[in-house]
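The structure appears below as structure tokens.
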Amino acid sequence: MELAIKHHNPDKVGKPQGPYTNMVETDDYVFLSGQAPIDPVTGKIFSGTFREEATLVFDNIKKLLGNVGLKLTDVVKVNAYLGSLEYLKEYNEIYKEYFSEPYPARTTVGCMLGNIKIEVDLIAYKKNS
């Protein structure tokens, strides 16, 4: 049996900023590439407070998932890359505004992200919907 793979670059959240696909859909899972705070209207990186950038990232993720009929409740794994671990407490607060118990599996790391404060990639399970 061959795995069916679909690649998606919906205009709802701007075009990818490099040689990658925003979202890859298989028979059972959807994989989102790292989502930076990209303004869907301009297609440019948005620079703001940590909360503003994180909110934009999660709102874009909701739009991407909605493009294939999924919701945040279908997410099973979240990887977050914070420009500084100083944002961790605020990230946890924002995260709980988008996800509820039982929470997805999660990894959060602090790393150099250049001019952005957050990037998030994730995996969603299609059979929950």
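Observations on the model:
- Scanning region 87-102 for residues that are under 15 Å from the mean Cα position of the chain (by Cα) and closer than 17 Å to L70 by Cα gives Y98, F99.
- Of the residues making up region 36-56, those that are part of a loop (DSSP other than H, G, I, E, B) and either more than 11 Å from the chain's Cα centre (by Cα) or among the basic types (K, R) (or both) are D39, P40, V41, T42, G43, K44, F46, S47, G48, T49.
- Residue satisfying condition, being modelled with pLDDT under 95 and under 18 Å from K127 (Cβ atoms), within set L3, L113: L3
- Unique residue being open to solvent by 40 Å² or more (accessible area, probe 1.4 Å), more than 23 Å from G18 (Cβ to Cβ) and at pLDDT 95 or above when the list is T73, T107: T73
- Residue within region 42-56 that is under 29 Å from K127 (Cβ atoms), of a type outside the set (V, I, T) and surrounded by fewer than 16 Cβ atoms within 10 Å (Cβ to Cβ) present: no
- For V78, the requirement of being open to solvent by less than 30 Å² (accessible area, probe 1.4 Å), closer than 21 Å to K127 by Cβ, modelled with pLDDT of 95 or more and of a type in the set (A, V, I, L, M, F, W, C) is met.
- D59 vs. criteria part of a loop (DSSP other than H, G, I, E, B), modelled with pLDDT of 85 or more and either charged (D, E, K, R) or in contact with an Asp or Glu (Cβ under 6 Å, 6 or more places away or on another chain) (or both): no
The values are calculated or read from the model by the stated rules, or taken from the named source; none is laboratory data. Because the structure is a prediction, the values reported are computed rather than measured. FYI the Cβ positions are ideal-geometry reconstructions off the backbone, even for glycines, and counts take in every protein chain you see. Keep in mind that these areas ignore ligands, DNA and RNA; they rest on the heavy atoms of the full protein, side chains included. Shrake-Rupley method; radii C 1.70, N 1.55, O 1.52, S 1.80 Å.
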